[in-house]
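Working notes, beginning with the structure itself.
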Amino acid sequence: MNLRAFLLFLMLSVSAWADTPKGFADIPFGATLEQVRTTLAAREGLKAGAATGESLTFTGGNFSGQPVTQWTLRFAAGKFAVGTVLIDNVKKPVYDDLKAQLTKKYGKPDSEKGHHSFECLWEYRSQGRRTIRLEYEHKGKVSVTYSNDALAAAVPPGKSSDL
């Protein structure tokens, strides 16, 4: 086996071992609104916020060791499709720590960009397109969004007041 073929094999093998997102915060994609509400209500420090047939919000608690300002969970046709956490009033090292944790679990991001604001995106095309988006705004806001795009296509767009 030549060196190029071996390196290609090694690269494909490593990406095959990387985990793929099956949900968000112990909530599987496709879960019902009640299942999600029950799971999040059991997490320490979370307080229920607004609820509609299409979304749930919570405040408080922690995500990957960071205090969360708001949790927003969106549903399509009654199934969990998108979960976002907002971590507010933080510096860039929080983004860097979350990026390291996500990279350790899911492998290297598929795309990265940034100058004053930063963003990483992990994409998985199996079982419908699933993504993880990590964003940092220079004003001190970090958000992490997990989505199952096969389900999320039917989710109505969020308003800026949701985050």
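The values are calculated or read from the model by the stated rules, or taken from the named source; none is laboratory data. Computed from a predicted structure; not experimentally measured. Here the Cβ positions follow ideal geometry from the backbone for every residue, glycine too, while neighbour counts run over all protein chains shown.
Here are a few things to note about the model shown:
- Look at the range 55-77: where a residue is under 13 Å from Thr145 (Cβ atoms) and modelled with pLDDT of 95 or more and a partner is among the aliphatic types (A, V, I, L, M) and in a loop (DSSP other than H, G, I, E, B), sitting 6+ places away or on another chain with Cβ atoms under 6 Å, you get Arg74/Val155.
- Summed over the range 42-62, the residues that are part of a strand (DSSP E or B) and among the small types (Gly, Ala, Ser) give a count of 6.
- Residues that are more than 20 Å from Thr52 (Cα to Cα) and of a type in the set (A, V, I, L, M) were ranked within the range 120-163; the one that is modelled with the lowest pLDDT is Ala150.
- Residues in the range 63-98 that are more than 19 Å from Arg37 (Cβ to Cβ) and either assigned to a loop (DSSP other than H, G, I, E, B) or in contact with a helix residue (DSSP H, G or I) (Cβ under 8 Å, 6 or more places away or on another chain) (or both): Ser64, Gly65, Gln66, Thr69, Ile87, Asp88, Asn89, Val90, Lys91.
- Residues located in the range 106-133, provided they are part of a strand (DSSP E or B) and within 21 Å of Pro28 (Cβ to Cβ): Trp122, Glu123, Tyr124, Arg130, Thr131, Ile132, Arg133
- So Glu112, is it in contact with a Cys (Cβ under 7 Å, 6 or more places away or on another chain), surrounded by fewer than 19 Cβ atoms within 10 Å (Cβ to Cβ) and acidic (Asp, Glu): yes
- Verdict on Gly49 being surrounded by fewer than 16 Cβ atoms within 10 Å (Cβ to Cβ), touching a Leu at 6+ places or on another chain (Cβ under 7 Å) and farther than 15 Å from Gly128 by Cβ: no
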